[in-house]
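Written below as structure tokens is the structure these notes are about.
The values are calculated or read from the model by the stated rules, or taken from the named source; none is laboratory data. Quick caveat: nothing in here was measured; it's all calculated off a predicted structure. All Cβ positions, glycine included, derive from the backbone under ideal geometry; neighbour counts span all protein chains shown. Please note that ligands, DNA and RNA were not included when accessible areas were found on the heavy atoms of the full protein model with its side chains. Shrake-Rupley method; radii C 1.70, N 1.55, O 1.52, S 1.80 Å.
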Amino acid sequence: MPAIVGAFKVNSVGTSSIVHVGDVITISPYSEVKTFAGAGSFNTGDGLNIYNQHSVTNTYDNDVVDQPSAGNL
């Protein structure tokens with residue numbers, strides 16, 4: 001059912017964002033990300049005591065494409 005939309009303002013549109021006004025059957029955003037993090041990187045909470053004596057994060061990746069998005073649009 002069509003709708004009447006008044007004025008709206010878009011402040012920012014990121015790489016995997018969707019701005020849509022009107023009727024739609026399917027909306028399917030996509031994005032790819034690879035995260036490298038060392039010891040203690042994702043700890044959250046109050047009063048944490050974290051002791052990392054020696055931390056090495058290996059970022060070598062011999063395969064170039066991990067999550068191909070070709071053909072998935």
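Assorted remarks:
- Condition check for residue 56: part of a loop (DSSP other than H, G, I, E, B), open to solvent by less than 100 Å² (accessible area, probe 1.4 Å) and at pLDDT 75 or above: no
- Residue pairs meeting the criteria (Cβ under 8 Å; at least 6 apart or on separate chains; first without any contact (Cβ under 8 Å) to a residue 12 or more places away in the chain and part of a loop (DSSP other than H, G, I, E, B), in region 14-40; second hydrophobic (A, V, I, L, M, F, W, C) and surrounded by 10 or more Cβ atoms within 10 Å (Cβ to Cβ)): 27/18
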